């Protein structure tokens, strides 16, 4: 296999040997030219877990860290991102009520933060539901997100957030209140109107124009690695393939590639991106 000419980073991907293609998907990313990936923990429901306490997230995080080790054996550079998917509040509240659900999710984030401080992960993930919810659920979700922002500040790490589309202007205010730089808050599945650091699905049509503006952003596949939903959201080859296609077409430059896949990633996450 020919060595890649430059680093290509997928900012948000799942690799799941239990429910999906696992290491074969990671190898697809690598064969297409990918070099670095941020391996994001999946919802507890993916493992048949209905959390009753924060400690119930331990198997989810342990599995993410285990899979990261397996992926590293392929030669890829892997950065684990651990946290609690914001949609979990909907399922959990039906079982234990909104107040207790929020407490469990915050405790799960506490455990994720412990892994970050121990060097087992590089960032946290949280957010709020991207679908319509009651005012009570939204308020609880914003409380969880505020807790995650404070944890990220204390850990000195970045926070990836799942949330509704659009600017999420109030999250900028929440980050400022928590004392974490907004550039270290990553809007997963972003739209260009956000003031947070955007992570765009690789096929987002605005990428060439944003590059011409010199915008700082990252690219992701949000590949779910679920046999029940093959190729969702987009496949593991997508980030390297689309990056190379845009470069070959002259839609982006090598300087743009470096900003997307190296400079912005290093600034946001505090990691080093070099060819393995």
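The values are calculated or read from the model by the stated rules, or taken from the named source; none is laboratory data. Keep in mind that what you see is a predicted model, and the values were worked out from it rather than measured. Cβ coordinates were reconstructed from backbone atoms using ideal geometry, including for glycine residues, and neighbour counts include every protein chain displayed.
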Problem set entry | Selection from region 118-133 of residues that are surrounded by fewer than 14 Cβ atoms within 10 Å (Cβ to Cβ) and modelled with pLDDT of 95 or more | 118, 119
Exercise. In region 217-230, what residues are surrounded by 15 or more Cβ atoms within 10 Å (Cβ to Cβ) and free of Cβ contacts under 8 Å to residues at least 60 places away in the same chain?
Worked result: 217
Problem set entry | In region 22-43, the residues that are touching a helix residue (DSSP H, G or I) at 6+ places or on another chain (Cβ under 8 Å), surrounded by fewer than 24 Cβ atoms within 10 Å (Cβ to Cβ) and farther than 17 Å from residue 261 by Cβ | 22, 23, 42, 43
For this session: With the condition kept exactly as written, say whether any residue in region 248-256 is under 16 Å from the mean Cα position of the chain (by Cα), more than 17 Å from residue 13 (Cβ to Cβ), touching a residue at least 24 places away in the same chain (Cβ under 8 Å) and not in a helix (DSSP H, G or I).
Result: no
Problem set entry | From 7, 80, 17, 51, residue being in contact with a strand residue (DSSP E or B) (Cβ under 9 Å, 6 or more places away or on another chain) and part of a loop (DSSP other than H, G, I, E, B) | 7
For this session: Can you confirm whether region 219-237 contains a residue that is touching a strand residue (DSSP E or B) at 6+ places or on another chain (Cβ under 6 Å) and in a helix (DSSP H, G or I)?
Result: no
Seminar exercise, completed: Checked region 96-137 for anything assigned to a helix (DSSP H, G or I), without any contact (Cβ under 8 Å) to a residue 40 or more places away in the chain, over 20 Å from the mean Cα position of the chain (by Cα) and more than 17 Å from residue 44 (Cα to Cα); matches are 135, 136
Problem set entry | Conditions (1) within 15 Å of residue 142 (Cβ to Cβ); (2) in contact (Cβ under 8 Å) with a residue 60 or more places away in the chain: number failed by residue 183 | (1)
Problem set entry | Residues located in region 66-77, provided they are surrounded by 17 or more Cβ atoms within 10 Å (Cβ to Cβ) and closer than 17 Å to residue 112 by Cα | 67, 68
For this session: Tell me, yes or no, whether region 246-259 has at least one residue that is touching a strand residue (DSSP E or B) at 6+ places or on another chain (Cβ under 9 Å) and more than 30 Å from residue 45 (Cα to Cα).
Result: no
